[in-house]
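Here is the structure we will look at.
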Amino acid sequence: MKDIASKAKGWAVATATKDGVPNVVSVAFGEVLSENQILLMDVFMKKSEENIKANSKVAASVWDMESMKGYQFKGDAKIETPGRVFDDGVQMVKSMTPQLTPKAAVVVDVKEIYITSLGSNAGKLVS
């Protein structure tokens, strides 16, 4: 999973309002922080940030087009601005696209991981 995430050119991130109205955005900057956390950098999020503040449940999908492998991570998100995680995320963004200025780090505490790869295991719960 870490290998797929590190190769990814982007992530699809789904949030919902408190009333359940969905929103999906593409996020260019994301990485696996640990066995149970992923980092998604907020550069242009507006509605997603509002949704996370009202409803912390998110889903994030990542894939590698060459291998046709992918995963979906579901969990609870929190928005962080000061601190090491945010600072490291800013460095990641600036190293790839120096002209962008991230607003926040979105840290997802992953509760479930699903396979989104082609084949008979698609949709299978990994953990």
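Derivation of every value follows stated rules applied to the coordinates shown; laboratory data play no part. Quantities reported herein were computed from a predicted structural model and do not represent experimental measurements. Virtual Cβ from ideal backbone geometry, glycine too; neighbours counted across all protein chains shown.
The set of residues in region 43-75 being in contact with a Phe, Trp or Tyr (Cβ under 9 Å, 6 or more places away or on another chain) and of a type outside the set (G, A, S) consists of V43, V58, V62, W63, K69, Y71, Q72, F73, K74. Counting the residues of region 32-57 that are crowded, with 18+ Cβ neighbours inside 10 Å, farther than 15 Å from D76 by Cβ and in contact (Cβ under 8 Å) with a residue 40 or more places away in the chain gives 3.
Only one of the listed residues (A77, A60, A105) is farther than 22 Å from K7 by Cβ and under 13 Å from the mean Cα position of the chain (by Cα). That residue is A77.
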